[in-house]
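Colleague: Sharing a structure with you now.
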Amino acid sequence: MGGLMTLSRKIAGGAGALAATLLTTAPAWAQGAAGPVRAPGAEAAVAMINKGDTSWMLISAALVLMMSIPGLALFYGGLVRTKNMLSVLMQVFMIVSVASLVWVCWGYSLAFTSGNAFVGGLSKAFLAGVGPTSVAATFSNNVYVPEYAFIAFQMTFACITPALIVGAFAERVKFTPLLIFVVLWLTIVYFPMAHMVWYWAGPDFLADAPTDAGLLYGWGALDFAGGTVVHINAGIAGLVGCLIIGKRHGYKSEPMPPHSLTMTMIGASLLWVGWFGFNAGSNLEANGGAALAFVNTFVATAAAAVAWAVIEQIVHKKPSLLGGVSGAVAGLVAITPAAGFAAPMTSIILGFVASAVCFFFVTTVKNKLGYDDTLDVFGVHCVGGIIGAIATGIVADPSLGGQGFIDYTSFPSVAGKYDMAAQVFTQIKAVVLTLVLSGGVSAVLFYGIKATMGLRPLLEVEVEGLDINEHGERAYNY
Amino acid sequence: MKLVIAIIKPFKLDEVREALTTVGVAGMTVSEVKGFGRQKGQTEIYRGAEYSTNMVPKIKIEVVCASDIADRVVEAIQAAANTGAIGDGKIFVLDVGQAVRIRTGETDDTAL
């Protein structure tokens, strides 16, 4: 194995949010008087791996996979009509499978190796040079996790993000063109976005290479677990897709009620549970920061579920199950970028606000504008993601109990000086860049595929259902 | 012989079945149906998309009985299925020309 023991220093995760006090409690160097090691070599870094962190990374990766399958698949599947149930399950299942292959072949390298500010290189394509003893950085000086654990964890994010998109044009898309779109979109949009937001040299190296980071990381944009990279990114791609593909046949003229809200509830609940891996796992270390993200995720979601139910009680006189679980998902989306930065009480407020705004979008704005975003990918993921991304700039402020940010350009790292107005402005810039990049490239891809292979099945196929026509089977044979 | 068709509220099925047994009815056919009469349908709302369903779920009972007990069958159903509210349902009585028990070939009243 000796030949493979290359140090992978060009690896990172989200912008760190651990309070400076935490830094002094966890790392190995705290036990010695010498202080942290600047730019440790390969063998030194391997000794800085903690088994607890490694376990948490692996468990979190499995939890996030559970969010996609079966969580998201059932959440979406329950909302479509019986004749299209399997098409949604199959789309999600195959997107997860294809995305994981794309991730290990070139995705990880494009996202998490040093390149330019926009995209990484191909030095780790096909996981070249990665071995059981190579490491990935965390948010603490001299704390590392095995690179395979980091690859697996980030792989599940690359799996779920394109799967989120399919909800926007569910019940009316051809299967193979969709998968081709997913491979292209991951390569041109997702991997660069992940690189721009999450790639940086790492806490032991950034001080010596302050420009070795993605564009948005360099701006100082805060995105703990993927508000921009995952939710806004997928949400705007979904909106563009549903506009280009067009409305479902019979939209607004025939009833299209969900075929099984039971499954939708099971799926939403699995999403909630899995999201602890998504958000608390994004801390990369099993410590107080992860626990904070866990609690914030819990309470923001609960607040958003309550808010949606209360709003429905007032507006429609009946609180619906679909409303309750939709609120929960809106809360999960909104807390994602803020999970490690907010305090529990500000997370609750964020959950309330996100739920109310998403409710307004899916019930009022969508009807006013008349677009057929089948499962409200835009209304929940993009809108909730935008609320969360901008609000992160507010709730991260230490004066509101937030965690602020860590300045890694000093070594050892220190707490940064927080300026809320400037941070909110940076957050808005990050949101706009995501909307423009993902929206624009998605439009080009959708139009290109529409003109060549076609995106939409024949009318007879759509009316009879995708399950029997595209997949040759039915979900329910009574 | 008479065919008695009753459309009733679903939750009244057990009471109707018991009442029919006490007047000597030995069998019946039950189906889940949808329809509308004076009772209004319901409104369903899914994330703001409103669907008003005009059709209300009901149970349809079909009983074939000897002509001489048809009145008592109708009375039994009417009494058991009654709640006094709109939507309790309706009863129809039709003449039946012939009945055959498939297993034995018995016909008419003996086949019931």
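Laboratory data are not the source of any read-out in this text; all were calculated from the coordinates shown. Just so it is clear, the model here is predicted, and its values are computed rather than measured. As a convention, Cβ positions derive from the backbone with ideal geometry for all residues, glycine included, and neighbour counts pool all protein chains shown.
Colleague: What list do you get for B:ILE61, B:ILE86, A:ILE349 if you sort them by fewest beta carbons within 10 Å?
Modeller: Details: B:ILE61 23, B:ILE86 9, A:ILE349 17.
Ranked by crowding around the Cβ, least crowded first: B:ILE86, A:ILE349, B:ILE61.
Colleague: Placing +1 at every Lys and Arg Cβ and -1 at every Asp and Glu Cβ, with all other atoms neutral, what dipole size does the protein assembly as shown have around its Cα centre, in debye to the nearest 20?
Modeller: Numbers: 35 positive and 38 negative charges, 139 e Å.
In total the dipole reaches around 660 debye.
Colleague: Taking only Cα atoms, what is the 0 to 90° angle, nearest 10, from helix B:13-22's long axis to the longest principal axis of chain B?
Modeller: That works out to roughly 20 degrees.
Colleague: If I take the Cα coordinates of chain A and project them onto the principal axes, what are the three extents in Å, biggest first?
Modeller: 73, 50, 39
Colleague: Under a straight-distance cross-link criterion of Cα-Cα below 19 Å, which lysines are reachable from B:LYS9, leaving out those fewer than 8 residues away in the same chain?
Modeller: B:LYS34, B:LYS40, B:LYS58, B:LYS60, B:LYS90
Colleague: Calculate how steeply helix B:70-81 sits against the longest principal axis of the alpha-carbon atoms of chain B, using the helix alpha-carbon long axis, and give the answer as 0 to 90 degrees to the nearest 10.
Modeller: Helix B:70-81 and the main axis of chain B meet at about 30 degrees.
Colleague: Give the average, rounded to an integer, of partner chain Cβ atoms located within 10 angstrom of each Cβ in A:355-363. Spell out each step's value before the answer.
Modeller: On the way: counts 0, 0, 0, 1, 2, 1, 1, 4, 6.
Per residue, the average neighbour count from other chains is 2.
Colleague: For chain A, what does the helix formula give at 222 nm: sum of -39500 (n - 2.57) over DSSP H segments with n ≥ 4, over the residue count, nearest 500 deg cm²/dmol?
Modeller: On the way: 19 runs with 244 residues, N = 478.
Helix-only estimate at 222 nm: -16000 deg cm²/dmol.
Colleague: Quick one: putting +1 on the C-beta of Lys and Arg, -1 on the C-beta of Asp and Glu, what dipole do you get for region B:2-111 around its Cα centre, in Debye to the nearest 20? Spell out each step's value before the answer.
Modeller: Details: 14 positive and 15 negative charges, 97 e Å.
It works out to roughly 460 debye.
Colleague: Please average, across the residues of B:47-59, the number of beta carbons from any other chain that are within 10 Å of each residue's own beta carbon, and give a whole number.
Modeller: Values: counts 17, 15, 10, 4, 4, 1, 2, 0, 0, 0, 0, 0, 0.
Neighbouring Cβ atoms belonging to other protein chains average 4 per residue here.
Colleague: If you put +1 on each Lys and Arg Cβ and -1 on each Asp and Glu Cβ, how big is the dipole of region A:371-478 around its Cα centre, in Debye rounded to 20? Can you show the working numbers first?
Modeller: On the way: 5 positive and 12 negative charges, 114 e Å.
In debye, rounded to 20, region A:371-478 gives about 540.
Colleague: Out of B:ALA70, B:ALA81, B:ALA26, any idea which swings most in a Gaussian network model of chain B, alpha carbons joined below 10 Å?
Modeller: B:ALA26
Colleague: Helix A:383-395: angle to the longest alpha-carbon principal axis of chain A, degrees 0 to 90, nearest 10?
Modeller: 30
Colleague: Next question, about the same structure. What are the lysines whose alpha-carbon lies under 18 Å from the alpha-carbon of A:LYS124, with same-chain residues fewer than 8 places away excluded?
Modeller: Qualifying lysines at Cα under 18 Å: A:LYS10.
Colleague: Compute the distance in nm between two label points, each set 7 Å from the Cα along the Cα-to-Cβ direction, one at B:GLN98 and one at A:VAL444.
Modeller: 7.7
Colleague: So what's the back-of-envelope 222 nm ellipticity for chain B, counting only DSSP H runs of four-plus at -39500 (n - 2.57) apiece and dividing by all residues, rounded to 500?
Modeller: -6000 deg cm²/dmol
Colleague: Here is a follow-up. Region A:59-120 to region A:245-269: how many Å between their Cα centroids?
Modeller: Spelled out, the Cα-based centre of one part sits 21 Å from the other.
Colleague: On to the next question. Go ahead and collect, in residue order, the members of region A:425-447 whose backbone nitrogen is under 20 Å from a label point 7 Å along the Cα-Cβ direction of A:LEU400.
Modeller: A:425-432
Colleague: Using r as the Cβ-Cβ distance of B:ARG38 and A:VAL273, and R0 as 51 Å, what FRET efficiency do you calculate, to the nearest 0.05? Present the calculation step by step, with values, prior to reporting the outcome.
Modeller: Details: r = 47 Å, r/R0 = 0.93.
The value I calculate is 0.60.
Colleague: Moving to a separate point now. On a C-alpha basis, how far is the centre of region A:391-416 from the centre of region A:301-351 in Å? Whole number, if you could?
Modeller: 26
Colleague: So if we plug the beta-carbon distance of B:THR22 and A:GLU254 into 1/(1 + (r/R0)^6) with R0 = 45 Å, what FRET efficiency do we get, rounded to 0.05? Walk me through the numbers before you get to the answer.
Modeller: Working: r = 46 Å, r/R0 = 1.02.
For B:THR22 and A:GLU254, the calculated efficiency is 0.50.
Colleague: How about region A:390-478: which trypsin sites (Lys or Arg not before Pro) there lie in a loop by DSSP and see at most 13 other Cβ atoms within 10 Å? Spell out each step's value before the answer.
Modeller: On the way: sites: A:LYS417, A:LYS429, A:LYS450, A:ARG474; in loops: A:LYS417, A:ARG474.
Loop-located and lightly packed - A:LYS417.
Colleague: I've got another one for you. Per-residue mean of other chain beta-carbon atoms within 10 angstrom of the beta-carbon, peptide B:37-46? Walk me through the numbers before you get to the answer.
Modeller: Values: counts 0, 0, 0, 0, 0, 0, 2, 5, 10, 12.
That average works out to 3.
Colleague: Also, quick follow-up: Among A:ASN142, A:TYR217, A:MET193, which residue has its Cα positioned farthest towards the positive end of the charge dipole of region A:129-288, with +1 placed on the Cβ of Lys and Arg, -1 on the Cβ of Asp and Glu, and the dipole taken about the Cα centre?
Modeller: Of A:ASN142, A:TYR217, A:MET193, it is A:MET193.
Colleague: Follow-up question, since we're still on this one. In the protein assembly as shown, what percentage of the DSSP-assigned beta bridges are antiparallel, given to the nearest 5?
Modeller: Here the share of antiparallel DSSP bridges comes out near 95 percent.
Colleague: Report, ordered by chain and residue number, the lysines lying within cross-link reach of A:LYS450, taken as a straight Cα distance under 27 Å and ignoring same-chain residues fewer than 8 apart.
Modeller: Hits, sequence-local ones excluded: A:LYS83, A:LYS174, A:LYS247, A:LYS252, A:LYS366, A:LYS368.
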